[in-house]
Amino acid sequence: MKSVEYKVDGMTCSGCENSVKKVIKQLPGVHEVEASHIGKTVFVYYDEKQVKEGDIMNQVKKLGYQVEVK
């Protein structure tokens with residue numbers, strides 16, 4: 001298992017947090033997702049054998065947010 005924290009620019013409300021969490025949780029191997037629009041962060045706990053860091057970032061980018069590893 002691996003955990004990673006991302007800095008996500010563009011989240012402005014709890015709706016944004018929920019959208020980000022929803023798309024990341026759909027990926028195989030993702031066990032936990034925490035998002036904070038106030039802190040502009042997303043924390044993901046996942047199985048690196050099933051999903052790659054880049055896959056997670058791409059899901060967030062598809063929503064229109066800027067994302068980078070914190």
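Every number here is computed from the coordinates shown, using simple stated rules; none is lab data. Just so it is clear, the structure is predicted and the values come from calculations on it, not from any experiment. Here Cβ is always computed from backbone atoms with ideal geometry, including for glycine, and neighbour counts include all displayed protein chains.
Determine the pairs where a residue that is farther than 16 Å from residue 40 by Cα, located within the stretch 3-29, has a partner that is among the charged types (D, E, K, R) with Cβ atoms under 8 Å apart, the partner being 6 or more residues away or on another chain.
Here the result reads 23/62; 27/55; 29/47; 29/48; 29/49, each pair linking the stretch 3-29 to a residue that is among the charged types (D, E, K, R).
Which of the residues that make up the stretch 30-56 are acidic (Asp, Glu) and without any contact (Cβ under 8 Å) to a residue 40 or more places away in the chain?
Matches in the stretch 30-56: 32, 34, 55.
Take residue 42 and decide whether it is in contact with a Lys or Arg (Cβ under 6 Å, 6 or more places away or on another chain), under 12 Å from residue 3 (Cβ atoms), among the hydrophobic types (A, V, I, L, M, F, W, C) and surrounded by 14 or more Cβ atoms within 10 Å (Cβ to Cβ).
No; evaluated as a whole, the condition is false for this residue.
Rundown of residues vs (1) of a type in the set (Lys, Arg); (2) surrounded by 15 or more Cβ atoms within 10 Å (Cβ to Cβ), yes/no style:
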position: 15; (1), (2): no, no
position: 18; (1), (2): no, no
position: 32; (1), (2): no, no
position: 38; (1), (2): no, no
position: 49; (1), (2): yes, no
position: 57; (1), (2): no, yes
position: 65; (1), (2): no, yes
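Among (1) buried (at least 16 other Cβ atoms within 10 Å of the Cβ); (2) over 12 Å from residue 60 (Cβ atoms), which single condition is residue 28 missing?
Going through (1) buried (at least 16 other Cβ atoms within 10 Å of the Cβ); (2) over 12 Å from residue 60 (Cβ atoms) one by one, residue 28 breaks only (1).
Starting from residues that are touching a helix residue (DSSP H, G or I) at 6+ places or on another chain (Cβ under 8 Å) and under 19 Å from residue 64 (Cβ atoms), keep the ones in the stretch 1-13 and report whichever is surrounded by the most Cβ atoms within 10 Å (Cβ to Cβ).
8
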